[in-house]
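Have a look at the structure below before the remarks.
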DNA sequence: GATGAATGAGTCTTCATTCAT
DNA sequence: CATGAATGAAGACTCATTCAT
């Protein structure tokens, strides 16, 4: 009786998290529409109704998932920035750290990375959610660009345009490295990918 | 009775084209899965069964459409290249023409442009079709890059990486200009978008 | 091949009618909500999808059914009026014919009668449909009351009130006779039911 | 800790009554099947499980509610009879009092009145409960009719038939007055509704 | 008594596809 | 070639009810 409480105790939030995990895997694997709510529940080891107890709808689940993954990414990146020493001294080196860290994250979280690729521009995710998530993530880049422009290191193009361009180059890079996994560890290729990015931003 | 045949006669291929047109509009507007074959047929003014006379399945229709739009784009771009005078003299000016022409096409074909954005990376289109279409379009760019590298004008990074990067920047640009239509006619912004692209490619 | 056409020929509208028939029986037997669309289709011998090919929704099916039954009733009653000889001479006898005919119809169409009882006031049927149907049926009664009031035979109360009262008495009568089937053929009871009705309407 | 018990103490039966109140409002508003037990609990401010502590099932709740409302009505009517002076002297005046009082009750308790209209004949309420409730209420009427027949004032038709007829007329009247609220205070209409009823019952 | 997370059978409805005409 | 009624498997979502706390 005493131990029963201990033994059967299931960590709270476990089911909700299990649902999110299953959904992530299945959405990436089969796409949103091809994944049934029943299959998500089954993979998570819960009843179909449980999904709808935690999320109002299949769409709500996707939106929630999207936000969660984006935040996780943002947190990881911001940790990386903080743990470095006196940042701001050498902007290019800061930028490179950011870039490589972001790509590392993608390579180390291949499912989440594919999730980004598939849903970052998909209309299946709510436009507002997408924008919100995007801003939270791209904030680092805005800060970096503004600082660089003040220092005369980064070209003086409109920030929104540069931001869009950064995002596009980042998506292209992670797609490239996941399509060709063997090159993800190739220092020269990794270096090249950053160079392409940096050249477009820096002043001549 | 006699005239009826004449009057009602619909030019051949009209129905097939009507189906493609309707499908394009609806797929862009509502997404692939949210668009029923019935609604496509209705918008095209034909019976539901007719769609399956012309296309083996809904998927086949999407693939066909994808290929058709990509080819149309490729053709338009290649026309643009041919109609220019002695190309090859000034590589940067060639590249700029290509870039601006490609963006113009997107701005002048907004539905098709959105179609690109939504389906270029979607798993709903067959991977082989996608790749095939991609190559046909990007071929111009390969040619350009190779020539530039030989001339020592374009940086000597691996071509597949540069290609992926180009594609990413292009998608970012057309998304930017369609999200902010008022800037599509702004020469300085258009110029800036090319500059970003060109800097990343050229040697320092 | 020749006979095939004849043999396999299924009368058009058969499936739609079969669905209506099945729905009538099941709705009366189990109630609207307790009847699944699947069971209706099954009883009608068609696929589940077929129901939705003919009716936009389960609700639409109920509304359609309600209207159809009401019209059938109205038509039967109006036939009864027309086939009688010089009507209008003796108003009381006209009224009695109408009353007994209406009760006969209910006794001879027990399922449809129960359908009336259950759905005439149910909120499951669209309010507009209900009113529309009601008016078409009660029109005879309005005509009768107005004529009677002009002749000084029928009491001069507000017509809508009298109409509501008639309807209430009719529903009570058919419920009474179907709850006690053995009295439906009892002339004195049938006579009594009319007398109750007529006394309330006539002038003293 | 001590005061907590006192402060939070909710008067017993409060929750049960709250559930009945919420159920009444929702059943009338949305119908029985369209009302979820969860919504009843929510409106009552209790947990979903609590409903099932007080009522064995959703059906049991409806039956309980039906009986309670009917009894409340019966009690109110019987109070009205008792508080009048020497009843029985003038039967018609007694009947009119009964009739007007019953209609007043309906007008003053619109939700309960709608509840009657919707569930008095609905198969969702247990047939036995319905009959039981009906008898308890109509008992006054039986007494009245029998007395009237003995006195030769009321027509000598079978009592069950007259009862059913009374009920039908009553339902019609309250529906009429709630559909047209402005006439509920119109003395002549109220008088007319009684006259219709009384004429059908009295001897010529 | 009270709670509310969990259940899973059951519901309506959609839709790509077929085929007799 | 064209039609559109028919199909039936599959899907998202609901909800009365249970039970561990």
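Considering D:199, D:190, which residue is at pLDDT 95 or above, part of a helix (DSSP H, G or I), within 17 Å of residue D:95 (Cβ to Cβ) and over 20 Å from the mean Cα position of the chain (by Cα)? Full working, then the answer.
Numbers: D:190 fails: over 20 Å from the mean Cα position of the chain (by Cα).
Just one listed residue meets the conditions, D:199.
Take residue A:131 and tell me if it is farther than 23 Å from residue B:166 by Cα, part of a helix (DSSP H, G or I), free of Cβ contacts under 8 Å to residues at least 24 places away in the same chain and in contact with a helix residue (DSSP H, G or I) (Cβ under 8 Å, 6 or more places away or on another chain).
Considered against the rule, which asks whether it is farther than 23 Å from residue B:166 by Cα, part of a helix (DSSP H, G or I), free of Cβ contacts under 8 Å to residues at least 24 places away in the same chain and in contact with a helix residue (DSSP H, G or I) (Cβ under 8 Å, 6 or more places away or on another chain), residue A:131 comes out as no.
Tell me, please, whether a residue that is within 22 Å of residue B:17 (Cα to Cα) and either out of contact with any strand residue (DSSP E or B) (no Cβ under 7 Å at 6 or more places or on another chain) or in the same structural domain as residue B:160 (by TED's automatic domain parsing) (or both) can be found in the stretch B:78-101.
Within the stretch B:78-101, none of the residues are within 22 Å of residue B:17 (Cα to Cα) and either out of contact with any strand residue (DSSP E or B) (no Cβ under 7 Å at 6 or more places or on another chain) or in the same structural domain as residue B:160 (by TED's automatic domain parsing) (or both).
For the stretch B:82-101, give me the residue count where each residue is closer than 19 Å to residue B:133 by Cα and either away from chain A (no Cβ under 14 Å) or within 16 Å of DNA strand F (Cβ to nearest atom) (or both).
Total meeting the criteria: 2.
For the stretch D:121-152, which positions are buried (at least 17 other Cβ atoms within 10 Å of the Cβ) and closer than 22 Å to residue D:194 by Cα?
Listed by number, the residues that qualify are D:137, D:138, D:140, D:141, D:144, D:145, D:148, D:149.
Please verify whether the stretch D:5-18 includes one or more residues that are modelled with pLDDT of 95 or more, in a helix (DSSP H, G or I) and within 13 Å of DNA strand F (Cβ to nearest atom).
No; the residues of the stretch D:5-18 include none that is modelled with pLDDT of 95 or more, in a helix (DSSP H, G or I) and within 13 Å of DNA strand F (Cβ to nearest atom).
Return yes or no: is residue D:171 crowded, with 19+ Cβ neighbours inside 10 Å, at pLDDT below 95, at the interface with another protein chain (Cβ under 7 Å from one of its Cβ atoms) and assigned to a helix (DSSP H, G or I)?
Here the answer is yes, as residue D:171 does meet what is asked.
Conditions: (1) under 19 Å from the mean Cα position of the chain (by Cα); (2) within 14 Å of DNA strand E (Cβ to nearest atom). Residue A:63 meets all but one. Number of the miss?
(2)
Condition first: more than 8 Å from DNA strand E (Cβ to nearest atom) and either more than 14 Å from chain C (Cβ to nearest Cβ) or touching a residue at least 12 places away in the same chain (Cβ under 8 Å) (or both). Now tell me which residues in the stretch D:34-50 satisfy that.
D:35, D:37, D:39, D:40, D:42, D:43, D:44
Do we have any residue at all in the stretch B:143-164 that's in contact with a strand residue (DSSP E or B) (Cβ under 7 Å, 6 or more places away or on another chain), more than 9 Å from chain A (Cβ to nearest Cβ) and within 22 Å of residue B:120 (Cβ to Cβ)?
For the stretch B:143-164, residues in contact with a strand residue (DSSP E or B) (Cβ under 7 Å, 6 or more places away or on another chain), more than 9 Å from chain A (Cβ to nearest Cβ) and within 22 Å of residue B:120 (Cβ to Cβ): present.
What is the one condition in (1) more than 9 Å from chain C (Cβ to nearest Cβ); (2) over 27 Å from residue C:127 (Cβ atoms); (3) surrounded by 19 or more Cβ atoms within 10 Å (Cβ to Cβ) that residue D:191 does not satisfy?
Result: residue D:191 passes all but (3).
Can you go through D:140, D:177 and tell me which one is in contact (Cβ under 8 Å) with a residue 24 or more places away in the chain, away from chain C (no Cβ under 11 Å) and assigned to a helix (DSSP H, G or I)?
D:140
Looking at (1) in a helix (DSSP H, G or I); (2) modelled with pLDDT of 90 or more; (3) under 23 Å from residue B:175 (Cα atoms), can you tell me which one residue A:157 breaks?
(1)
Any idea how many residues of the stretch C:29-68 are within 14 Å of DNA strand F (Cβ to nearest atom), at pLDDT 95 or above and either surrounded by fewer than 18 Cβ atoms within 10 Å (Cβ to Cβ) or assigned to a helix (DSSP H, G or I) (or both)?
22
The values are calculated or read from the model by the stated rules, or taken from the named source; none is laboratory data. Quantities reported herein were computed from a predicted structural model and do not represent experimental measurements. Cβ atoms come from the backbone with ideal geometry, glycine included; neighbour counts cover every protein chain shown.
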